[in-house]
Amino acid sequence: MKNNSAFDSFRVMLLALGHFTVDVYANLLPPLLPVFYIMYSLNDTAISLLTAVFSVTSTLIQPVFGYVADKYGKKWIAALGVAWVSVGMCLLGEAPGYMALVIMVGLAGIGSSMYHPQASAMVPRVSGNRKGLGMSLFMAGGNIGYSLMPLIAVIIVAIFGVHSLIWLIPPGIIVGLLIYLYAPRMDVDRQSTLDLKTLFASFKTVKGPLTTLITVVSLRAWVCMGMITFIPIYYMHGHFQGWTLLGYDIAGIGYAITLFLFILADAIGGIIGGWAADRWGKKKVTVPTLLAAAPFFFLTFIAPDILVWPLIVIAGGLVYASISPTTLQAQEMLPRSQGMAGGLTLGFANGIGGLLVLVTGMISDYLGRFDAILSLILILVIAGLIAAMLPPDKVKVEAVAPVVRQ
């Protein structure tokens, strides 16, 4: 594809639609956790294991697909990923037992790993000189999809039962086909494509700041995935108890709306963060937003019901304002391996964060859910302080400049 400054709005929005669809299905698990909690008589560690397993297959192996994106540019992998995750996640309601559920969750996550690095490498190519905006719209598509599924799942399962999830498969197949037909071709310049030896050499050039960046993203992912896992469980026995509508218990709707607003705010915060990164710089957005999110998270879990929703919106918007800047930072550090960069920040680091949710589950079982929440807030503060150690944007550009000239 030709490299120019034009912003291809059609293809940017198509890739955002694909991200929306993948993350709609990827977030089917959290709103079902209270259902599985009761169905299989689980504790918080067992519930956290489901999140961790999905994180490993949906994110931790993304760098493998990122390398494929850089080396071969096969967009059909992204298209297959959309269809794969839609089928896999919608079959969870058919799991015959807990161990079968764990295996099915792991298999379904592979579809997410297929899509994210391929698509994230396409976005800068069709965003022209507005890469921050393009990446933030791409991220927003995923976050909006991620936010909608809790409401959709709770309503469908409440009315029709968990086995009705298979009805949700067809939209994923259709969007996968659209991605295959209309997503930009990933034409690969063989002379500039990195082999594995050169790729590892490029890592050494920026190993310090890249390690710091991946640490920040991993800690942020731990907090976000921990919140997504524990919001339904925490509020199932806390806020919204006794809420009724026409005689029906609607406490589940209360926590579903909380989860919905949290992730929707992530999408809005991501767009604002991408715009702000273009205007003021990536580090100047990342550090203050991570630190500012911590007190709002704390207030969310001690405030009266009426204040929970506005507080979770602010906390979610702040914590995710840094997602576009950190992804672009990684792509600046590895300019000839943008699929790999996307795989590291959207995949590997998020996978590490998802695995660490197991630690939060253990804290919850032994010390209590509120203490588990407090530990996540402390981790967020640590992430913000580590982000302050990242070099300024211009230093990172100079660090990778020799690689660009090769």
Problem - Violating pairs (Cα-Cα greater than 28 angstrom) within the set LYS75/LYS283; LYS71/LYS283; LYS207/LYS283; LYS207/LYS284; LYS131/LYS207 - result: LYS75/LYS283; LYS71/LYS283
Completion exercise
Using alpha carbon centers only, the stretch 217-233 is separated from the stretch 349-373 by a whole-angstrom value of 8 Å
Exercise for the section: Along Cα→Cβ, 7 Å out, is where each label goes; now give me the distance between the ones at TYR40 and ASN129 in nm to one decimal. Expected result: 5.3 nm
Practice task
Grab the Cα-Cα distance for VAL381 and ILE155, subtract it from 0.36 nm times how many residues apart they are, and report the gain in nm with one decimal.
Solution key: 77.8 nm
Handout entry: Projected label distance in nm at TYR180 and LEU91, using a 7 Å step from Cα toward the beta-carbon
Key = 1.8 nm
Problem - Selection from GLY18, ASN43, VAL87 lying farthest towards where the dipole of the stretch 1-151 points positive, charges on Cβ - result: GLY18
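Only the coordinates and a few stated rules stand behind these numbers; no lab work does. Everything numeric here is computed off the predicted structure, so don't read it as measured data. Cβ atoms come from the backbone with ideal geometry, glycine included; neighbour counts cover every protein chain shown.
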